[in-house]
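Everything on this sheet refers to the single structure shown next.
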Amino acid sequence: MTHRSLRVIVVDDQVDFANTTGALIRQLGHDVLVFHSANAVLDAVDSQKLELDVILSDIGMPGIDGCELARQLRQRPGFEKVVLAAVTGFGEDEHRQAAIAAGFDYRFVKPFSAGELEEFLEHVSHG
């Protein structure tokens, strides 16, 4: 079954994790931009007028955290339909609720498998 190529942003202050995740998504046939802070993402979407399908964002970043990033993105025109996926090391229900309240559509708990990520992207590309 063919899927359309997605435009994806990965943002995580753990450089190795962000780069590895970005490389995996690229291997799956999608276009990826990797950032290491929420400010960098906001600067890019504001200055480059990026058209995106998915943003995979770490929750626990210094400065603007992932929840605040999601809130700010949801206020921007054109980001109502972008699929926001939270990436967190915390699996507790309170963290899940906070991510949903901030505007995330999905949540991954680290460490997650390549298969989980591939399944998620397949689902989005057919959505």
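Every number in this text was worked out from the coordinates using simple rules, so none of it is lab data. Small disclaimer: the values here were computed from a predicted structure and weren't measured. Cβ atoms come from the backbone with ideal geometry, glycine included; neighbour counts cover every protein chain shown.
Secondary structure note: in region 7-126, about 0% of the DSSP beta bridges are antiparallel. Packing, as the average of other Cβ atoms within 10 Å across residues, places the peptides 19-28, 112-121, 78-87, 50-59 in the order 50-59, 78-87, 19-28, 112-121, highest first.
Semi-axis lengths, largest first, of the ellipsoid equivalent to the chain are 19, 17, 15 Å, with √(5λ) applied to each eigenvalue of the Cα gyration tensor.
Full extension of the segment from Glu51 to Gln97, taken as 0.36 nm per residue of separation minus the current Cα-Cα distance, would add 13.8 nm. Net charge dipole, the chain: roughly 360 debye, given to the nearest 20, about the Cα centre with Cβ charges of +1 for Lys and Arg and -1 for Asp and Glu. A dipole drawn for region 7-126 from +1 and -1 charges on Cβ atoms has a positive end, and of Phe90, Ala44, Gly29 the residue lying farthest that way is Ala44.
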